[in-house]
Each structure stands twice: as structure tokens, then as C-alpha cells.
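A.B. asks: First the structure, then my questions, so here it is.
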Amino acid sequence: MGSAWQDAFLRYLTDVRGVSMQTAEAYSADVIQFQDFLAESWGEARSQDWAAVDYRTVRGFLGHLARMRYSKTSVARKLAALRSFFRYLLQEEAVSHNPAAAAPTPKQDRRLPEYMYPAEVEALISTPDTSTALGQRDRAMLEVLYATGVRVSELVGMDLSDVDLTERQIRVIGKGDRERIVLMGERATSALTGYVTGARRELLGASPDADGEAVFVNQHGGRLSVRAVQQRVHKHVLECAQSGRITPHALRHTFATHMLDGGADLRSIQMLLGHRNLGTVETYTHVSTERMKKVYGAAHPLARDD
């Protein structure tokens, strides 16, 4: 895809569709891969003959991906990229129809999200050494992740002006720049208050790199990165001898699962998580069912295997 098309498509995705730059660049790379497929099939001269692409061409590309042993998730993402690209070309009147629109999305294998039991969450949150500034920060960070169910990107993007400790709520900006309010309990609020009024000030110090707006900062006073949060959570997971598969995102899944177990309705969980589709949240009903099966199998005398 020529650079002019590529740049225009990226602007369409970010400015019109509201997707992140990371997603836009991934979609762009997927379309370039499709262009390479056309070059192999039709010759280099016709590799950008978008108007000639039909449903069979798209299906041929999907079959090519399957033969290359791409995962169903990757194939689905690439198909979504083609749908967006031809939607853009339709808008620009470069094609007369969207040949990718009717192509069926590969059925995904259901994978239940990782989650933690309440005792495991308690052990993890209690791991940081709160006698140190970094330990206080990590404790507050873990408390907020579990209490609110926010994404890591939303956590590191929090500013002090977003936090209302009196009302125990935080304003977060989620995917697509959608704004929502998340709530905290007394313990998370207490941990966050102690960190903001104590350890955070110590970490900010007089550093020229200090970010006076960021809630969570690193040892130099700069805004904490997503990668840094992932590393700190992994460190504490190992310290409390839990599964290395537990990630910050697992705390988000755990929040949703525990809310559902506690009687919260799916619509409320959807709003707190910031999901557009209720179907995404329904995954957690399967998690709760699996947990119930395990408990039943371990506790009921007639359910246990001989």
C-alpha cells in the first residue's frame, strides 16, 4: 500500500473511528499483508487494484492465513482490518462495495479469563513492603486495580484531578476516549489516600522529571508506565508464590468475577468495566459457573471421583 493510502487510512482509523494508534498501525500492517497476497496472486502491478477485490478474493486470503497456521484470533483481527479498510475506501468512493463485510469471522475457542480467589487477592495485596515509598505505592496500586477493575492503561493515565477521595470515585478515560466513573471501597480509598499524601510526595521530591499531575509515579517522580506496572505486579506475584500467569489484567477479571459472585448484575459490571458490549461481560458468567463446579466437585460426597 502506498504511503499516501497508508497515512490516510491511519488518519481515518484514529480520527474517524477513534481507535488507538497501536490498533491503527496493526490494521495497516494487516492490509499491507493483504496487498502482498494480491501481488503474489495477481502480480505486483495489480497489488493495489482494490476495486477488483471480491468476496472470493477475501476468502482466498483467509484460506492462505489458515494454511500459514495463523491462530483464529489473528485471522479474525486481519479480517476486521480488511473490513475497516474497505469501509474507508467506500467512504472515499474508491470501491463500490465492501468485499470483506460478508466473510464470516472465524469462531473463537472460548478461553476463560484468569482470575484469583479472595484469599489469593488478599495475599497479593499484602505483599508490598509498606515501610518504603515504593511499597506504599505498589500497595495502593494493587488495591485500586482490584477495587475498580480498571485497565492498566487507565491506571497509569490517572491524574490527581480525576480522583475524588471523599466520594471514593475516580474518573477514567478508557478505550476510544470514553469517560466513565469507577468506584472504590474504604480500604482502597485509605491506601490511595496514604500514598497520595505521603509516599507520592516523597517520590516526586525535587526531581526535574517529576509529573505533578500523575497519580502513580516511579522512583524518579515520572508517570509510571504500563510496562512498569506489569513488572511490579509480576514481582509481587512471585513473592507471594502464586501463579506466574497472574497479570494486572487478571485483577480486572477477578474484580468482575467477584462482583458477579456477590450479586452484581451484568449491566452494572459492564458500566464499571467500560465495555461497549454486554456480551463481553457475559464471559464472567462462565467463570462463575466453572468455579461453582469446582467447589461442588470438591465438597459434595457423591460428586467426587473414587
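A.B. asks: Looking at the range 165-187 only, could you name the residues that are closer than 20 Å to R223 by Cβ and without any contact (Cβ under 8 Å) to a residue 60 or more places away in the chain?
C.D. replies: Listed by number, the residues that qualify are L165, I170, R171, I173, E179.
A.B. asks: Spot the failing condition for K72; the list is (1) among the charged types (D, E, K, R); (2) out of contact with any Phe, Trp or Tyr (no Cβ under 6 Å at 6 or more places or on another chain); (3) over 27 Å from F34 (Cβ atoms), and only one is missed.
C.D. replies: The single condition K72 does not satisfy is (3).
A.B. asks: I'd like to know if the range 73-80 contains one or more residues that are touching a residue at least 40 places away in the same chain (Cβ under 8 Å), farther than 30 Å from R252 by Cβ and buried (at least 17 other Cβ atoms within 10 Å of the Cβ).
C.D. replies: no
A.B. asks: Tell me whether the range 42-51 contains one or more residues that are among the basic types (K, R), part of a loop (DSSP other than H, G, I, E, B) and surrounded by fewer than 17 Cβ atoms within 10 Å (Cβ to Cβ).
C.D. replies: no
A.B. asks: Quick check, is D15 in contact (Cβ under 8 Å) with a residue 24 or more places away in the chain and either under 23 Å from T73 (Cβ atoms) or not in a loop (DSSP other than H, G, I, E, B) (or both)?
C.D. replies: The answer is no for D15.
A.B. asks: Moving on. Which residue, of A210, A206, A191, A228, is at pLDDT below 85, assigned by TED's automatic domain parsing to the domain that holds E122 and either in contact with a helix residue (DSSP H, G or I) (Cβ under 6 Å, 6 or more places away or on another chain) or part of a helix (DSSP H, G or I) (or both)?
C.D. replies: Only one candidate qualifies: A210.
A.B. asks: Let me spell it out: the conditions are (1) exposed (fewer than 14 other Cβ atoms within 10 Å of the Cβ); (2) of a type in the set (D, E, K, R); (3) touching a residue at least 40 places away in the same chain (Cβ under 8 Å), and R151 meets all of them except one. Which number is the exception?
C.D. replies: Here R151 clears every test but (1).
A.B. asks: Follow-up question, since we're still on this one. Please determine whether any residue of the range 84-92 is surrounded by 15 or more Cβ atoms within 10 Å (Cβ to Cβ), in the same structural domain as V182 (by TED's automatic domain parsing) and either closer than 23 Å to L272 by Cα or without any contact (Cβ under 8 Å) to a residue 24 or more places away in the chain (or both).
C.D. replies: Within the range 84-92, none of the residues are surrounded by 15 or more Cβ atoms within 10 Å (Cβ to Cβ), in the same structural domain as V182 (by TED's automatic domain parsing) and either closer than 23 Å to L272 by Cα or without any contact (Cβ under 8 Å) to a residue 24 or more places away in the chain (or both).
The values are calculated or read from the model by the stated rules, or taken from the named source; none is laboratory data. Treat the numbers as computed from the prediction; the structure is a model and nothing was measured. We place every Cβ from the backbone using ideal geometry, glycine too, and count neighbours over all the protein chains shown.
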